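A.B. asks: If you scroll down you'll find the structure; I have some questions about it.
The values are calculated or read from the model by the stated rules, or taken from the named source; none is laboratory data. Please read these numbers as outputs of a predicted model, since none were measured by experiment. We place every Cβ from the backbone using ideal geometry, glycine too, and count neighbours over all the protein chains shown. All accessible areas refer to the heavy atoms of the entire protein, side chains included, with ligands and DNA or RNA removed. Shrake-Rupley method; radii C 1.70, N 1.55, O 1.52, S 1.80 Å.
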Amino acid sequence: MASETSSLLSRQTGSQQHLEVGAVSNHANINRGNNSNASGNSSDSGKGNGNSNGKLYREDHMEEEFDTQTIASYDSVYNSDIDNGVPFDPEHGHAHRKTLGIPTATFLMLNKMIGTGIFSIPSSVYELTGSVGWSLVLWIFGGLIAYSGLNVYLEFGVEIPKSGSEKNYLERVFRRPKHLALVTFAVSYLCLSHSTSNSYAFGLYIQLAAGVKETSESYTRVIAVITVLSCILLHGIFPRAGRYLFNALGFFKVVVLGIITMSGFLVLIGAIKLDNPPDNFTNMFQNDGMGGDVYSISIALLRVFFSYRGWDNCNTVMGEIRNPAHTMGIAGPLAIGMVMFFYCFCNIAYFAVVSKQEIADSGVIVAGKFCQIIFGDSVAARVLPFFIALSNLGNILVVSYAASRVTAELGKHYLIPFSPIISSYKPFNTPFVGLLMHASLTVILLVVPPPGRVYEFVVDLSTYPITFISFSVTAGLIYLQFNRVKENWGNKPGSYHAPLYHSVAYLLTNLFLIIVPWIPPPYELKPGSFPYYAVPLGGIIIMTAGPLYWLHWRNSENAARLDAEIEKGLYLQTS
């Protein structure tokens, strides 16, 4: 990992590519961050020249009259933010600015990765693997696969420095049927863009911090709803304050994990004495009478990957990151390395303090159980759950911040109904409607489901369709890696080339997670659990909704608007 990290740091963004979108009187050139030799046939009476050699993609070669004033205003804003990759939008009146450097990029990833997962998931991971040793192996494996995924997304992000993440990458690779990949991603993203798990965990831990012995399901949900709505209002009205707050909470999360790790270490060396210390590390790979089958391992992996989710968070706002290759080359490995270290040692701390049975029975408050055993009824027993609640809050802030901007991108490109409203940054220069959409879905998922193992189901369901998307993105990158000349991919100075073994490892892992959840488990599920096929079936339904919506959308006015923008050069596709 060290050698690859140094390789990332040595790469800088290259010269700007010129994409000619037509002829006005003098040619209108748009700088794009690629090879300067990729130019259109602007001398031929203003005809667009569309092909796959890094040029503006055009469905046909129709002559097009260009509005001189529009292109002039477009160029002036675009060139002021040269590497952005997201053009000025004359209709909606905003352009992304490059305001995010290494510290903010690092905390964007840290805040999303360190959320509810490490404080709530270890119990179910242990229960599903059936042994202390194998649960620790999965946490290590999850970190390594996250690093492989980072390499895949880094190559895409450097080559296509636009906000929107997978939307841009699927669009670049899967160009036929026309816009199908874009629309399918849009529907899936809107169905999965929520902060339910972290809001729910915040409600639980804030009650523990208040000294509540038996947490209330209704109070948990009420607190969660109030919290997510407050975060949305903060980002919508005071965006700078929101960024400062999630940066501060990102640092705070590291402190919390450090306290848990240090406490566990002090128990292991005998500096902290427990009344009944558990003996969890003897025969640690021995199955403890639960889980351990292929189905259970795959579900455990889904939950571990959920806990690491967030390493790709910067790709959703790549258009706002300064010098993406340099910034992400430092921030990405740094964030994943820190999280992997703390995740592994926090799990060791849990097993050093809490008995196996208590871990298996603790559900989503395993960290709360840890605090009660270490600190008893002291003030610290309330302070640490409060810190964990703040960690959940940081995750809500980061997820809603990034998700609202992806939603605005989807609206800007007419992929969803009411696009002009959703893509608007008025009146506070923030994607306020996108924030409200994120909050609405979160509130629905918090309020509607009946009591039960809802949290775990929401975690699994939100992860499964994303596995499909990650598989498609990675397969697309492998295709591009083997066809760099044909696809004009990764040929500019400063391009980052992800090692092929990272691409293959990430592809195979996602394929495994797609297939295995369909295999029936060899045991009966706990009372209150959803059927074993509920997660993959729900994921398939969400993924199928995209193509069905596309069949309607492709003949709609929105589709015609998107095609018109492509023809006029106002929307830069990446083919």
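A.B. asks: Starting from region 257-315, pick out the chymotrypsin sites (Phe, Trp or Tyr not before Pro) whose DSSP state is loop and whose Cβ has at most 14 other Cβ atoms within 10 Å.
C.D. replies: Numbers: sites: PHE265, PHE281, PHE285, TYR295, PHE305, PHE306, TYR308, TRP311; in loops: PHE281, PHE285, TRP311.
For chymotrypsin sites (Phe, Trp or Tyr not before Pro) across region 257-315 that sit outside H, G, I, E and B with at most 14 neighbouring Cβ atoms in 10 Å, the list reads PHE281, PHE285.
A.B. asks: Please give the per residue accessible area of region 102-572, computed with a probe of 1.4 Å over protein heavy atoms only, in Å².
C.D. replies: Working: 16910 Å² over 471 residues.
Result: 36 Å² per residue.
A.B. asks: Quick check: at a probe of 1.4 Å, how many percent of the accessible area of region 102-572 sits on carbon and sulfur atoms?
C.D. replies: 69 percent
A.B. asks: Taking a ≥ b ≥ c as the square roots of the eigenvalues of the Cα gyration tensor of region 102-572, is the shape rounded (a/c under 1.5), prolate (a/b larger than b/c) or oblate? Mind showing how you got there, number by number?
C.D. replies: On the way: a/c = 1.68, a/b = 1.52, b/c = 1.10.
Prolate, since a/c reaches 1.5 and a/b exceeds b/c.
A.B. asks: While we're on this one: Loop only by DSSP, 15 or fewer other Cβ within 10 Å of the Cβ. Give me the trypsin sites (Lys or Arg not before Pro) in region 166-264 that pass, ordered by residue number. Don't skip to the end; give the middle numbers.
C.D. replies: Working: sites: LYS167, ARG172, ARG175, LYS178, LYS213, ARG221, ARG240, ARG243, LYS253; in loops: ARG175, LYS178, LYS213.
Within region 166-264, the qualifying trypsin sites (Lys or Arg not before Pro) (loop, at most 15 other Cβ atoms within 10 Å) are LYS178, LYS213.
A.B. asks: Measuring from centroid to centroid over Cα atoms, what is the spacing of region 469-510 and region 326-370 in Å?
C.D. replies: Region 469-510 and region 326-370 have Cα centres separated by 30 Å.
A.B. asks: Sticking with this one: Loop only per DSSP, at most 11 neighbouring Cβ atoms within 10 Å: give me the GluC sites (Glu not before Pro) in region 461-562, ordered by residue number.
C.D. replies: Values: sites: GLU487, GLU524, GLU557; in loops: GLU524.
Sparse-neighbourhood loop GluC sites (Glu not before Pro): GLU524.
A.B. asks: Testing the spin-label approximation: label points 7 Å from Cα along Cα→Cβ at TRP518 and ASN483. State their distance in nm.
C.D. replies: For the pair TRP518/ASN483, the computed spacing is 2.6 nm.
A.B. asks: Something else now. Taking amide H positions as placed 1.01 Å from N in the peptide plane, with prolines and chain starts having none, which residues 5 or more places from SER424, or on another chain, fall under 5 Å of its amide H?
C.D. replies: Long-range HN contacts for SER424: none found.
A.B. asks: Further question on the same structure: Which entries in LYS178/LYS568; LYS412/LYS492; LYS162/LYS568 show an alpha-carbon gap greater than 23 Å?
C.D. replies: Details: LYS178/LYS568 18 Å; LYS412/LYS492 28 Å; LYS162/LYS568 19 Å.
Check vs 23 Å cut-off fails for LYS412/LYS492.
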